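Student: Below you'll find the structure I mean.
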Amino acid sequence: MKICVADDEQEVRENIVLKLSETHPHAEVFDVGYGFDALEQIRLIRPELVFADIRMPEMDGLELLERVTSDLPQTKVIILTGYGQFEYAQKAVHLGATDYLLKPADADELKQLVERTYERLAKQLLKDVTEAAAGLGAGDEAIWELTFGNVALWFDERVPKTIRFAVDVEEAVPNGITTVC
């Protein structure tokens, strides 16, 4: 999973990147700075998850949220802020934020948010594969077993994907396990 952290305070970014790297050692965590540079980096990285401060110069977190969800609809955005005002949370949710977290970000809260995001991605992938099977006239019973090596790759349009369906799983895949992504 790729995660980007956007905040105008370098120390805050570094702290969040460190906490995320410690709790999710297999994730790729990027410090993307803030403002227009952050948006450019996010577009290049194409992460599954973005943590964005709500108040930043050049471009605030709400504008960043709007642009990211418009450009990368599969990317989830969590707004980080030192402000507990309801109107920020309400506007962030209205614009498509996955969640809203008050700073300083607790390592356990960050870990839970990343795990929930990964679970949402895995559910979406399973739904997509099930719909693909149904579109070919196969029912749920046709899906023998799925193993997802990296769920995030499914949502990266730059990575080619192959889904194989077979009547006899033993013939299609000798060990009986089909791997997607």
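The values are calculated or read from the model by the stated rules, or taken from the named source; none is laboratory data. Keep in mind that what you see is a predicted model, and the values were worked out from it rather than measured. Positions of Cβ are backbone-derived with ideal geometry, glycine not excepted, and every protein chain shown enters the neighbour counts. Side chains are part of the model used for accessible areas, which takes the heavy atoms of the whole protein and leaves out ligands, DNA and RNA. Shrake-Rupley method; radii C 1.70, N 1.55, O 1.52, S 1.80 Å.
Student: At 1.4 Å probe size, with no ligands or nucleic acids counted, give the accessible surface of residue 63 in Å², nearest ten.
Tutor: Spelled out: residue 63, probe radius 1.4 Å, area about 60 Å².
Student: Let me ask something else about it. If ligands, DNA and RNA are left out, what is the accessible area of residue 102 with a 1.4 Å probe, given in Å² to the nearest 10?
Tutor: 90 Å²
Student: Also, quick follow-up: Determine the dipole magnitude for region 60-122: charges of +1 sit on the beta-carbon of Lys and Arg, -1 on that of Asp and Glu, nothing else is charged, the reference point is the Cα centre, and the result goes in debye to the nearest 20. Write out the running numbers ahead of the final one.
Tutor: Details: 7 positive and 11 negative charges, 20 e Å.
Dipole size: approximately 100 debye.
Student: Also, I was wondering about something else. Mind scanning 76/127; 91/127; 19/161; 19/127; 2/123 and naming the pairs with a C-alpha gap bigger than 21 Å?
Tutor: The answer is 91/127; 19/161; 19/127.
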